[in-house]
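One structure is given below, encoded as structure tokens.
A short reminder: the numbers here are calculations on the coordinates, not readings from a lab. Just so we're clear, the structure is a prediction, and the values are computed from it rather than from any experiment. No Cβ is skipped: glycine too gets one built from the backbone with ideal geometry, and neighbour counts run over all protein chains shown.
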Amino acid sequence: MKIAFLTPEYPHPKTGSSGGIGTSIKNLAVGLLAEGCSVRVLVYGQKEEGVFDDNGITVQQIRNVKFKGLSWWLTRKKLERLINQLYANNAIDLVEAPDWTGITSFVQPQKCPIVIRLNGSDTYFCHLDQRPVKWINKFHERRALQKADGLLSVSQFTADLTNAVFGLKKAFAIIPNSIDVDLFDSNDDGDDKEENVIFYFGSLIRKKGLLELPLIFNEVVRKNPEATLVLIGKDVSDVLTGNPSTWAMMQSQFTAEALRNTSYLGSVPYQEIKEHIKAASLCVFPTFAEALPVSWIEAMAMQKPIVASNIGWAKEIIEEGVEGFLVHPKDHKHYAERILELLDNPKMQEDFGVAAREKVISTFSMKIVARQSMSFYKKWIASK
């Protein structure tokens with residue numbers, strides 16, 4: 001089976017910065033390779049054309065066509081021709097694309113099937129953020145979903161809300177995001193873990209609840225002055241106020257005592273993040289807008305209890321009181337109480353952590369998700 005991924009991002013130095021979509025594709029690609037599939041990643045929006053190998057994954061860099069007023073159309077037609085050529089040369093059997101900005105809205109290959117996997121469209125996230133979406137993005141995203149041969153979603157919540165915001169009644173296969181469980185093995189002998197350490201990793205951005213986190217942590221420190229908060233991730237400008245730094249906005253909301261107990265380390269290498277997860281007592285994710293966050297799964301794989309948002313997708317990852325706690329991000333006092341409950345109970349931390357890793361192994365491992373995806377692909381390849 002020869003699978004291609006069409007994407008605006010991929011985590012490799014040659015292809016530039018990458019977010020959740022790129023990480024999810026890389027994890028799935030590695031899983032498919034292990035199952036004997038051929039994988040090609042078509043990365044559009046690149047500065048130059050090129051093809052290179054990434055540990056068995058063929059990565060093809062594609063420059064967008066620049067022509068005032070017609071770039072969107074000409075780029076899509078370029079991608080269509082490329083897909084037709086690769087399919088005719090027996091280099092690919094199927095293309096998977098994300099829902100983000102609807103790149104396949106006018107990409108209609110002659111024979112090669114196209115499937116879309118929901119990781120959250122711009123329309124979806126704008127709805128969760130309660131802000132207006134660009135009409136052109138919503139147009140392309142809706143048309144791409146209508147024209148796709150097959151549809152996947154990383155969570156049932158994302159599938160249901162996507163149908164609602166676009167006024168569709170599409171059937172989605174539900175296959176979650178995945179991680180390489182072995183890369184996030186805690187090997188925890190207890191020596192590296194520190195007490196009273198609360199850890200967040202991810203972008204510092206409003207939609208991930210970072211403007212609620214200081215108010216939550218204020219309550220924690222008031223009851224437990226020894227508690228510390230460690231933050232890692234890119235500082236993002238605020239979409240509503242235009243402030244160039246979410247971290248600057250956060251600092252003004254901490255009490256003086258809570259701010260003294262807070263460390264923001266900026267962006268760090270991937271391996272270093274794992275060391276911080278390992279050292280933490282628990283991880284917090286008070287987000288308002290996700291589809292199925294890989295960061296939660298990574299923390300769970302390293303046997304960390306989580307106090308996370310209780311919105312939508314969360315119950316598809318965490319069972320309340322088993323692998324962690326789920327609380328609405330704006331319920332600051334209750335959120336803090338759940339954090340304090342875990343900080344005060346090392347046995348509960350351990351029990352939640354063990355259950356969390358077991359959940360990841362059984363549900364979110366690359367092997368399982370790759371095999372689920374292959375079964376889905378086979379149906380559409382056979383239909384052509």
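Going Cα to Cα from Lys378, which aspartates and glutamates come in below 15 Å? Please leave out same-chain ones fewer than 8 positions away.
Glu35, Asp93, Glu96, Asp149
May I ask you to give the average projected area over all directions of the convex hull of the Cα atoms of the range 218-263, in nm² rounded to one decimal?
So the mean shadow area of the Cα hull is 3.4 nm².
Treating only the Cβ of Lys, Arg, Asp and Glu as charged (+1, +1, -1, -1), what charge dipole size does the chain show about its Cα centre? Round to the nearest 20 debye.
My answer is approximately 2500 debye.
Using the C-alpha atoms of the range 234-377, what convex hull volume per residue, in cubic angstrom, is computed?
Dividing the Cα hull volume of the range 234-377 by its residue count gives 147 Å³.
Which residue, Leu211, Ala256, Gln156, has the largest displacement toward the positive end of the dipole of the chain when charges sit on each Cβ (Lys, Arg +1; Asp, Glu -1)?
Among Leu211, Ala256, Gln156, the one farthest towards the positive end of the dipole of the chain is Gln156.
Using a 7 Å offset from the Cα along the Cα-to-Cβ direction at both Asp344 and Thr241, what is the distance between the two label points in nm, to one decimal?
Simple spin-label model gives 3.3 nm for this pair.
Express in whole angstrom the spacing between the alpha-carbon centres of the range 144-168 and the range 226-303.
The two parts, judged by their Cα centres, are 30 Å apart.
Once R0 is set to 41 Å, what does the formula 1/(1 + (r/R0)^6) return for the Cβ-Cβ distance between Ile174 and Glu257, expressed as a FRET efficiency to the nearest 0.05?
After rounding, the FRET efficiency stands at 0.40.
Could you calculate the contour length gain from Gln146 to Val354, that is, 0.36 nm times the residue separation minus the distance between their Cα atoms, to one decimal place in nm?
Gain in length upon complete extension: 70.7 nm.
Please list, in chain and number order, the residues 5+ apart from Ala97 or on another chain whose amide H is under 5 Å from its amide H, with Hs placed from the backbone.
Those qualifying (amide H under 5 Å, at least 5 residues apart or on another chain) are Leu6, Val115, Ile116, Arg117.
Peptides 363-371, 244-252: what's the order by average Cβ count within 10 Å, highest mean first?
With the highest mean Cβ count within 10 Å placed first, the list reads 363-371, 244-252.
Just want to confirm a number: the relative contact order over the range 1-134, from Cα pairs under 8 angstrom separated by 6+ residues, in percent.
Averaging sequence separation for qualifying contacts and normalising by length gives 21 percent for the range 1-134.
Put a dot 7 Å past each Cα toward the Cβ at Ala248 and Gln156; how far apart are the dots in nm?
Here the modelled spin labels are 4.4 nm apart.
Kindly express, to the nearest 10 degrees and within the range 0 to 90, the angle between helix 213-223's C-alpha long axis and the longest C-alpha principal axis of the chain.
Orientation of helix 213-223: about 20 degrees from the principal axis.
Cα centroids of the range 89-137 and the range 319-380: how far apart, whole angstrom?
First find each Cα centre; the distance between them is then 28 Å.
Please give the charge dipole size of the range 181-364, origin at the Cα centre, charges +1 on K and R Cβ atoms and -1 on D and E Cβ atoms. Round to the nearest 20 debye.
740
Select from the range 49-136 those chymotrypsin sites (Phe, Trp or Tyr not before Pro) which occupy a DSSP coil region and have at most 11 other Cβ atoms within 10 Å, ordered by residue number.
The qualifying sites are Phe67.
Can you list residues from other chains, or at least 5 along the same chain, whose modelled amide H is less than 5 Å from the amide H of Tyr264?
Here Leu231 satisfy the definition.
What order do you get for Val65, Val107, Val165 when you list them from fewest to most C-beta neighbours inside 10 Å?
In increasing order of surrounding Cβ atoms, one gets Val65, Val165, Val107.
With a 10 Å radius around each residue's Cβ, average the other Cβ atoms per peptide and rank 7-19, 278-290, highest first.
Packing order, densest peptide first, comes out as 278-290, 7-19.
Across bins of 10 angstrom width beginning at 0, how are the C-alpha pair distances of the chain distributed, in whole percent?
Bin by bin from 0 Å, the calculated values are 5, 23, 32, 24, 12, 4, 0.
Trypsin sites (Lys or Arg not before Pro) within the range 116-211: which are DSSP loop residues with at most 13 other Cβ atoms inside 10 Å?
Lys134, Lys169
Could you list which residues have their amide H under 5 Å from that of Asn310, counting only those 5 or more apart in sequence or on another chain, with H placed in the peptide plane?
Those qualifying (amide H under 5 Å, at least 5 residues apart or on another chain) are Val327, His328.
Taking the C-alpha atoms of the range 255-322, how large are the radius of gyration and the largest Cα-Cα span, Dmax, in Å?
Rg and Dmax of the range 255-322, Cα atoms, are 13.3, 37 Å.
Tell me which of Leu240, Gln349, Val220 sits at the most positive position along the dipole axis of the range 181-364, charges placed on C-beta atoms (Lys, Arg +1; Asp, Glu -1).
Leu240
Taking only C-alpha pairs under 8 Å that are 6+ residues apart, what is the relative contact order of the chain in percent?
15
So what's the back-of-envelope 222 nm ellipticity for the chain, counting only DSSP H runs of four-plus at -39500 (n - 2.57) apiece and dividing by all residues, rounded to 500?
Calculated mean residue ellipticity at 222 nm is -12000 deg cm²/dmol.
Using the structure shown, select from Lys26/Lys134; Lys26/Lys359; Lys26/Lys234; Lys68/Lys138; Lys14/Lys134; Lys193/Lys359 the pairs with a Cα to Cα distance greater than 25 angstrom.
Violating the 25 Å limit, Cα to Cα: Lys26/Lys134; Lys14/Lys134.
Take every Cα pair under 8 Å in the range 47-101 that's 6+ residues apart, average their separations, divide by the length, and report that relative contact order as a whole percent.
That works out to 18 percent.
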